[in-house]
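Here is the structure we will look at, set down as structure tokens.
We did not get these values from a lab; they are worked out from the coordinates using the rules stated. All values reported here derive from a predicted model rather than from experimental measurement. Don't worry about glycine lacking a Cβ; one is built from the backbone with ideal geometry, like all the others, and counts go over all protein chains shown.
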Amino acid sequence: MATLTKEEAKKIIDKVLAFSKADEMSVALNGSRTGNIRYARNSVSTSGESTDLSLAITAVYGKRSGTATINEFDDKSLEKTVRRAEEIARLAPENPEYMPMLGPQTYIDTKTFAESTANIDPDFRAKAAFDSIEPCSKKNLTAAGYMEDSSGFSAIGNSKGLFAYNKSTSVDFSITVRTADGLGSGYAIRDFNDVSKLSTKQATEIAMQKALASSSAKALEPGKYTVILEPAASIDLLQNMMRSMDARNADEGRSFLSKKGGGIRLGEKLFDERVNIYSDPTNLEIPKAGFSGDGRPQEKISWIENGVVKNLTYSRFWADKKGVKATPPPSGFIMAGGTESLADLIKSTEKGILVTRFWYIRAVDPQTLLYTGLTRDGTFYIEKGQIKFPIKNFRFNESPIIMLNNLEAMGVPSRIGGSLVPPLKIRDFTFSSLSDAV
Amino acid sequence: MKRRDFIQLSGMGLGAMMGASIPVLGNMVPVEHLLEPGADIATKKRLADIALNATKSRGATYTDVRIGRYLQQFIFTRETKVQNIANAESYGVGIRVIANGTWGFAATSDVTPDGIAKCAETAVAIAKANAKIQKEPVILAPQKGVGEVTWKTPIVKNAFEIPVQEKIDLLMKVNSEAMKNGAGFVTSNLFFVNEQKYFASSDGSYIDQDVHRIWPTFTVTAVDKAAGKFKTRDAISSPMGMGYEYLDGLASEKISAPNGLIGYRNSYDMVEDAIMASKQAQQKLTAKTVPAGKYDLVLDPNHLGLTIHESVGHPTELDRVLGYEANYAGTSFATLDKWKTKSFNYGSKQVNIVADKTQPYTLGTVGFDDEGVPCKEWDLIKDGILVNYQATRDQVNILGENASHGCCYADNWNSVQFQRMPNVSLRPGKEKLSVFDMIKGVEKGIYIIGRGSYSIDQQRYNFQFGGQLFYEIKNGEIVGMLDDVAYQSNTQEFWNSCVQICDKDDYRTFGSFFDGKGQPSQVSAVSHGSATTRFNGVNVINTGRKI
């Protein structure tokens with residue numbers, strides 16, 4: 001079985017640790033069952049399922065460490081892999097930044113596992129694909145989609161007594177619907193821990209509507225526009241910004257958080273005062289494991305509060321050097337929003353552009369977090385509170401820092417890519433050229 | 001479907017390229033393990049025959065079996081420290097069948113007669129299950145069996161035989177020289193890959209291949225804390241289908257370029273490049289910000305390779321054209337109706353773009369692809385006209401051809417093979433022309449070197465590219481360095497603005513080591529050759545911002 005119970009996992013980890021002759025040893029045991037189904041041109045192209053159980057053993061002598069991995073769990077194999085890890089460690093160069101392993105930790109309990117997702121079978125996947133393909137076929141539209149589900153556990157333990165275990169499930173679904181003439185394209189994306197919250201049919205209906213409504217788009221002049229970014233559009237820019245909040249890069253002078261003349265911009269107000277971003281592993285919409293990969297506890301923490309940078313992420317080495325708490329990077333974040341729906345945001349817009357999603361986002365300048373990318377699969381012109389007509393896709397060059405200073409309004413947050421993000425209304429968003437792509 | 005580990009990197013150069021992670025396939029093993037021989041050919045043939053017989057008896061009309069041992073050694077350093085050494089081995093078998101006109105695929109790490117027989121059974125069962133909802137039965141182009149053959153990347157020094165210490169010493173030298181010459185920070189990496197692939201098919205092919213690839217790279221960062229600025233410069237190496245000899249730094253493989261720049265053909269001097277990078281990163285701190293406008297661009301092969309990759313390589317993938325990648329990478333503007341006119345001007349008359357899997361030292365070159373097709377060279381764009389695509393055995397019928405182009409690849413034994421890009425290269429100009437002479441003819445232009453930021457839409461019309469180094473050209477001369485440069489264009493417009501291509505003496509390859517495609521995503525490695533090329537009147541934007 002790919003999903004071991006807490007007790008079963010602990011038994012294996014303890015057995016491994018008992019073989020250790022190293023100064024320190026840590027063990028990571030992961031198991032999962034992952035399945036997928038992919039379709040295009042209204043037909044299934046690939047589908048599969050795999051299970052995996054694997055063990056990574058890290059041995060440490062002084063500041064030298066070595067890792068060996070294995071998928072077999074008999075005593076002989078476990079001991080052999082421990083010896084391998086020790087052998088690799090002895091030959092490894094010293095890592096001056098090595099930090100001694102953590103002792104026992106206290107973790108909060110989170111609900112990341114859903115039985116419904118763990119029970120997905122090939123028939124369920126085929127049905128999910130059918131529910132998406134069939135309505136498209138009937139309306140002479142073309143569906144291309146992908147669903148991936150996973151159920152598994154992750155356990156870590158070390159020779160200092162640390163032990164952590166988490167069981168989780170996830171399902172990711174995305175669908176692109178195109179019109180037969182290739183002039184319209186729509187998209188929807190969903191992710192959940194609990195598959196009973198997923199309706200591939202409903203998501204596909206949204207993509208179908210967008211495909212039909214985006215056909216025969218008109219060209220607008222590139223320039224600065226008020227935009228309403230659906231969560232699928234803003235998530236990547238926000239995620240990239242959150243991943244750039246490492247304290248070491250800031251201290252070293254190579255981050256948007258580095259200060260002119262030295263120092264870092266922790267505590268500075270860099271955004272509109274309505275911007276609040278935090279992470280919370282216990283959030284029921286986006287539950288996360290209570291620990292990070294290296295065993296540090298994950299807790300509720302504020303990153304940006306009323307527009308002010310409140311916390312940065314630290315490696316244990318850098319935190320020790322700076323004498324501060326070693327806050328690990330979060331997995332997923334929550335951007336607080338407002339109470340308005342997407343429809344409300346459109347209604348209150350005099351002139352603007354509704355963006356379904358962005359595509360091919362790449363960093364242009366790490367100093368300013370300037371990114372470029374394009375709109376895709378449903379871009380619409382709004383006038384006097386109504387969607388007037390579809391428009392051709394634009395290329396943008398914009399920084400999330402500037403974007404979050406030009407905040408006009410926020411709607412109700414929804415789950416996207418493991419985070420909670422509200423639809424955002426932003427003024428003066430920079431579109432720099434037109435694209436003919438549909 | 002596979003278990004895949006990712007090494008998270010905080011270094012900027014690689015992070016920007018890879019979405020901050022590098023895929024490592026398989027189990028971490030001691031370094032000596034990488035030099036142990038895998039199963040011998042006779043054993044692999046015996047195991048493959050078990051699969052071929054098992055699938056045939058269950059009704060498969062076609063079967064291929066890939067027994068693969070995939071080895072990786074990745075080394076990561078920053079300044080004076082070795083951050084990570086990953087030695088990984090992945091060994092298993094992937095079996096693909098056609099039953100009831102439908103593909104089925106299964107894979108197992110249990111490379112025993114029993115494991116293979118069970119896996120074969122699963123592959124046929126999946127094909128039969130999927131056949132029930134199949135709307136387009138597979139039409140497979142014929143491929144005559146090639147019997148028992150072997151192929152090996154013609155390496156001089158097997159990188160896996162070079163002691164790890166020697167590799168660390170090299171990277172430490174790279175780092176210390178970069179720091180000595182003024183870099184504030186430096187990360188450097190070595191990537192080595194060896195694919196030991198055995199392919200057998202029901203056509204009667206038994207192909208044993210030993211494929212080697214190498215990629216040395218680094219990023220140096222210069223910081224001006226007083227001004228609150230930092231700039232980076234990445235290596236201008238290229239990933240290659242070579243052994244450790246690529247790092248010999250042979251003088252005969254260097255090309256002198258304007259402003260003291262050095263280009264590298266099939267031999268790379270990593271320390272020399274790091275020293276140059278360190279100096280140039282500091283120059284970038286005070287470089288003039290570019291006035292936006294139209295410029296003639298002189299693009300070095302180490303830059304142009306990525307533009308070729310994105311604006312020609314991907315749009316001419318037949319699976320994209322047909323819609324199989326619509327939900328992820330996208331489709332293509334280079335549609336079949338344009339190709340059928342035989343007059344679609346992809347570029348100007350100078351533009352001849354060739355696909356191949358045969359060019360020496362390149363990433364795409366192998367003897368046979370992952371469905372047993374012998375590799376070849378063919379034209380994609382001839383005298384500016386779109387003439388062909390990249391296709392696999394189940395696609396070429398759409399082009400009216402009866403032999404595959406040999407573009408099938410899987411990144412591991414447990415990944416199903418599908419259409420991947422061959423080397424796609426711009427042929428050099430026929431007339432003698434050096435980059436020095438090319439620049440002499442430019443009145444207002446920018447000379448761009450190295451791979452920078454890149455973005456292109458889902459049908460490959462609109463793109464934006466940055467670079468590593470930008471030099472302003474005024475009245476035929478380089479007058480200084482520029483900063484904040486990115487150019488935007490439309491693929492067809494851009495290639496039609498191509499006016500001059502340097503000759504073969506300037507030809508070099510660029511490469512992409514971890515090109516991603518598909519769901520679940522697979523990587524592949526591919527080279528793009530070109531000589532320095534001039535494009536007239538391209539739109540350049542200024543990317544400088546204040547936050």
Quick check: the angle from helix A:231-242's long axis to the longest principal axis of chain A, C-alpha only, nearest 10 degrees?
40 degrees
Name the residue farthest towards the positive end of the dipole of the range A:6-212 from the options A:Ile120, A:Asn158, A:Val16, assuming +1 on Cβ of Lys and Arg, -1 on Cβ of Asp and Glu, about the Cα centre.
A:Ile120
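Among A:89-96, B:345-352, how do they line up from the highest to the lowest mean number of other beta-carbon atoms within 10 Å?
Descending packing order for the listed peptides: B:345-352, A:89-96.
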Filtered hits (aspartates and glutamates, Cα-Cα < 17 Å from B:Lys432, offset >= 8 within chain) -> B:Asp300, B:Asp503, B:Asp505, B:Asp506
In the neighbourhood of A:Arg254 defined by beta carbon distances under 15 Å, the net charge of the other residues (Lys, Arg +1; Asp, Glu -1) is +4
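How high is the relative contact order of chain A, given as a whole-number percent (alpha carbon pairs under 8 Å, six or more residues apart)? Spell out each step's value before the answer.
Values: 1116 pairs, mean separation 65.7, N = 438.
It rounds to 15 percent for chain A.
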Whole angstrom only: what separates the Cα centroid of the range B:256-292 from the Cα centroid of the range B:479-547?
17 Å
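Determine, for each peptide in B:368-380, B:257-269, the mean count of other beta carbons within 10 angstrom over its residues, then list the peptides with the highest first.
With the highest mean Cβ count within 10 Å placed first, the list reads B:368-380, B:257-269.
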Would you tell me the mean number of C-beta atoms belonging to other protein chains that fall within 10 Å of each C-beta in B:213-225, as a whole number?
2
If a/c stays under 1.5 just call it rounded; otherwise compare a/b with b/c (prolate if a/b is bigger, oblate if not). Do that for the range B:232-387, with a ≥ b ≥ c from the square roots of the Cα gyration tensor eigenvalues.
oblate
What is the helix-to-structure angle for B:41-57, meaning the angle in degrees between its Cα long axis and the longest Cα principal axis of chain B, kept from 0 to 90 and rounded to the nearest 10?
60 degrees
Calculate the mean, over all residues of peptide A:90-96, of how many other protein chain Cβ atoms lie within 10 angstrom of the residue's Cβ.
4
Can you give the net charge of the other residues whose Cβ lies under 9 Å from the Cβ of A:Thr356, counting K and R as +1 and D and E as -1?
+1
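For the cross-link pairs B:Lys56/B:Lys197; B:Lys254/B:Lys279; B:Lys254/B:Lys382; A:Lys425/B:Lys288; A:Lys224/A:Lys347; B:Lys342/B:Lys504, which exceed 26 Å when the distance is taken from alpha carbon to alpha carbon?
Details: B:Lys56/B:Lys197 22 Å; B:Lys254/B:Lys279 19 Å; B:Lys254/B:Lys382 30 Å; A:Lys425/B:Lys288 35 Å; A:Lys224/A:Lys347 20 Å; B:Lys342/B:Lys504 28 Å.
Exceeds cut-off: B:Lys254/B:Lys382; A:Lys425/B:Lys288; B:Lys342/B:Lys504.
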Treating the angle as unsigned and between 0 and 90°, give the value, to the nearest 10°, between the Cα long axis of helix B:270-285 and the longest Cα principal axis of chain B.
50 degrees
Quick check: from the Cα gyration tensor, does the range B:74-206 come out rounded (a/c under 1.5), prolate or oblate?
prolate
What's the center-to-center distance, using Cα atoms, between the range A:7-57 and the range B:31-102 in Å?
19 Å
Take the alpha carbon atoms of the range A:95-120, find their center, do the same for the range B:374-415, and report the distance between the two centers in whole angstrom.
46 Å
Per Stokes-Einstein, at 37 °C and 0.692 mPa s, what whole-number D in µm² s⁻¹ belongs to chain A, with the Kirkwood radius over Cα pairs as the hydrodynamic radius?
137 µm²/s
With no solvent and one point on each alpha carbon, what is the Debye value of log10 I(q)/I(0) for the protein assembly as shown at q = 0.05, 0.07 Å⁻¹?
-0.28, -0.58
Which whole number gives the average count of other chain Cβ atoms within 10 Å of the Cβ atoms across peptide B:458-470?
5
Compute the signed sum of charges (Lys and Arg +1, Asp and Glu -1) over the other residues within less than 13 Å, Cβ to Cβ, of B:Val211.
0
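Return the calculated 222 nm mean residue ellipticity for chain B, to the nearest 500 deg cm²/dmol, obtained by summing -39500 (n - 2.57) across DSSP H runs with n ≥ 4 and dividing by the residue count.
After summing the helix terms and dividing by the residues of chain B, the value is -6000 deg cm²/dmol.
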Highest mean packing first, using Cβ neighbours within 10 angstrom, the peptides B:74-87, B:205-218 sort as B:205-218, B:74-87
When only C-alpha pairs under 8 Å and at least 6 residues apart count, what is the relative contact order of the range B:233-290, in percent?
37 percent
Calculate the radius of gyration of the Cα atoms of the range A:6-212 to one decimal place, then report Dmax, the largest Cα-Cα distance, as a whole number, both in Å.
22.8, 67
